[in-house]
Structure formats: structure tokens, C-alpha cells
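*Asks:* Quick one: the structure is below, and I'll ask about it shortly.
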Amino acid sequence: MAQKRLSMRKVREVLRLRWECQLTYRAIARSCGAGQSTVHDCVRRAQRAGLSWPLPEDLDEAALYQLLYPDEHRALELAQGEWVRRHLNVLVVGPTGAGKTYLACALGQAVCRQGLAVRYERTSRLLTAFAHARAGGSYPKLLDELARVPLLVLDDWMRDPLTPAQSRDLLEVLDDRYSKKATLFASQLPVVEWHARFPDPTAADATLDRLVHNTYRLDLRAKRSQRKTRSPLPPSETVVMPNT
């Protein structure tokens, strides 16, 4: 099961019992009515945030939450849609089952509810559509459609190696949208491995240069697949939190 989120009041109590009283995780879990894995995750996040006991007196609950769950706080900010209006990008990366598509669709739905058009594409299917459009004479029309939509969501980004034609297609899309429209990329492949997916280093440099600038990044590190821990919802939801 997914870990239960502790209130910030209980988080403070967990940290006090661990750092001041030196209790074991089992004893803390029993005292706070939480699972040992939840307690351990809480302490680990606090350590990663550079916290120690006693906590700063001016650290309120909102600030503590932001320190412990920075990606979730960023997801809440992104759901407001300001990044789309500023023509910025979002990159969601994480292993299979971490909830990348779920989060991408959630952010897209949040943008839709603000009156902006969103187009969702699986990258592999979009590349196939480009090949068909080129053969059928509708290639310029497809490029124009992709260039005009306020938010384009590209799922399964860089999943497969690209052919020369496919790398040119993606470069055309990103070149048309750069600093003019917003794009959201969801990928299970680490960013450092993207360059090798291109057949030509020059094309890789040109494409990735347009992607990495002005981009927010959400890194989902799921310990267990959300396909097993979450019930499937409709294609999207207003705000979805990364798995803890």
C-alpha cells in the first residue's frame, strides 16, 4: 500500500522522538500511530532537507511541507498554469509505474480548466503520424496544429531510439514551439541518456538545447508502482502528488 502522509504536527513529533529522544523507528511508529516505513521516510526527507532538532522557531507548517516535499509543492504551483502562459516547459521523469502519465494528465487537466487548449500525444504514435502525414501530404498541417496548441504533452519521451527522419520531426516541433508555447515531457529514461537516442549528435544538441532551457523538472522516485497502489482514475485529475 502507498504510505500514509503525516500531518506536519505529527512530523514535528516524529523528528522530536527520533532526534531528541533517540527512539527507534518501531517505537516512534507505535507512539504516533504510523507505519515504520512512513516514519523512516519522514526522517529521511528531513535529513535530506538539512533539518536538525530543534527545528527553527520561524519554520511554519507550510514552509516545513515545502522542505520535505519539494516536488509536490512544485506540482501544486504548476497546477496553477502560470508556466503555460509564460511559454515554459515541464519535464516529468521517473521509472516505469512512478505516475508520470498520471501527473502529466493531471497538469494538463488543470490547464484545461483554466480555458487553455491541451493536446496529449504518445511520442511513438506522434512519430508514426508524422510518417503518414508526410506520405499523405498533410505534414505542414500537422506541424501547424502542434505549433498552435498552448500546451503539448509528449508522453513516453525518448523511449525508443530515433531515425534521422524522426529526429528532424521532433526538432521541427520544438523549434516551432520554443519560447512561444508550453510543452510537457514525460520520460522514464534519465536525461543523461537522451543524447544517445539520436542518430546524429548535431540534431541531438539542437533538439535538447530547445528542451532543457526554461524547463521545470519533477523527478518521481517511486518505491512501488502506482499501477499497483492507485486505482485508475479518468485520464486526469486536478492535482496528483508524486508517490512517497
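*Asks:* Expressed as an acute angle from 0 to 90° and rounded to the nearest 10, what is the orientation of the C-alpha long axis of helix 36-48 relative to the principal long axis of the chain?
*Replies:* Roughly 70 degrees between the two axes.
*Asks:* What is the distance, in nm, between label points placed 7 Å from the Cα along the Cα-to-Cβ direction at A135 and at Q80?
*Replies:* The answer from the label model is 4.8 nm.
*Asks:* Let me ask another. Using the Cα centre as the reference, give the magnitude of the dipole from point charges on the C-beta atoms of the chain (Lys, Arg: +1; Asp, Glu: -1; all else neutral), rounded to the nearest 20 debye.
*Replies:* 940 debye
*Asks:* Turning to a different aspect of this structure: Report the normalised scattering of the range 103-219 as log10 I(q)/I(0) at q = 0.12, 0.14, 0.22 Å⁻¹, calculated by the Debye formula with identical scatterers on the alpha carbons.
*Replies:* Debye output, listed in q order: -0.41, -0.57, -1.45.
*Asks:* So what's the back-of-envelope 222 nm ellipticity for the chain, counting only DSSP H runs of four-plus at -39500 (n - 2.57) apiece and dividing by all residues, rounded to 500?
*Replies:* Numbers: 12 runs with 117 residues, N = 244.
Using -39500 (n - 2.57) per qualifying helix, the result is -14000 deg cm²/dmol.
*Asks:* Another one. Counting only heavy atoms of the protein chains, get the accessible area per residue of the range 8-57 (1.4 Å probe) and round it to a whole Å² value.
*Replies:* 58 Å²
*Asks:* Also, I was wondering about something else. Once you order the gyration tensor axes a ≥ b ≥ c over the Cα atoms, which shape class does the chain get: rounded for a/c under 1.5, otherwise prolate or oblate by comparing a/b with b/c? Don't skip to the end; give the middle numbers.
*Replies:* Values: a/c = 2.48, a/b = 2.32, b/c = 1.07.
Because a/c hits 1.5 or more and a/b exceeds b/c, the chain counts as prolate.
*Asks:* With every protein chain left in place, what is the accessible area per residue of the range 125-164 in square angstrom, probe 1.4 Å?
*Replies:* 49 Å²
*Asks:* Report, by chain and number, residues whose modeled amide H sits under 5 Å from the one on V90, excluding near sequence neighbours (fewer than 5 apart, same chain).
*Replies:* Amide H to amide H, under 5 Å and 5 or more residues apart or across chains, V90 pairs with T183, L184, F185, Y216.
*Asks:* Next question. Please state, rounded to one decimal and in Å, the Kirkwood hydrodynamic radius that the range 1-133 gives when every pair of distinct Cα atoms enters the mean of 1/r.
*Replies:* Kirkwood hydrodynamic radius for the range 1-133: 17.8 Å.
*Asks:* Tell me, what % of the accessible area of the range 1-110 is carbon and sulfur with a 1.4 angstrom probe? The partial results should precede the final answer.
*Replies:* On the way: 2790 of 5570 Å².
Within the range 1-110, the accessible surface is 50 percent carbon and sulfur.
*Asks:* Which of the listed residues, P54, F185, L146, is farthest toward the dipole's positive end in the chain, when Lys, Arg count +1 and Asp, Glu count -1 at the beta-carbon?
*Replies:* Of the options given, the answer is P54.
*Asks:* Can you quote the Å³ per residue value for the convex hull of the Cα atoms in the range 68-165, rounded to an integer?
*Replies:* 115 Å³
*Asks:* Using only Cα atoms and rounding to the nearest 10 degrees, what angle (0 to 90) does helix 201-212 make with the longest principal axis of the chain?
*Replies:* Roughly 50 degrees between the two axes.
The values are calculated or read from the model by the stated rules, or taken from the named source; none is laboratory data. Nothing here was measured: the structure is a model prediction, and the numbers come from that model. No Cβ is skipped: glycine too gets one built from the backbone with ideal geometry, and neighbour counts run over all protein chains shown. Calculation scope for accessible area: heavy atoms of the full protein, side chains included, ligands and nucleic acids excluded. Shrake-Rupley method; radii C 1.70, N 1.55, O 1.52, S 1.80 Å.
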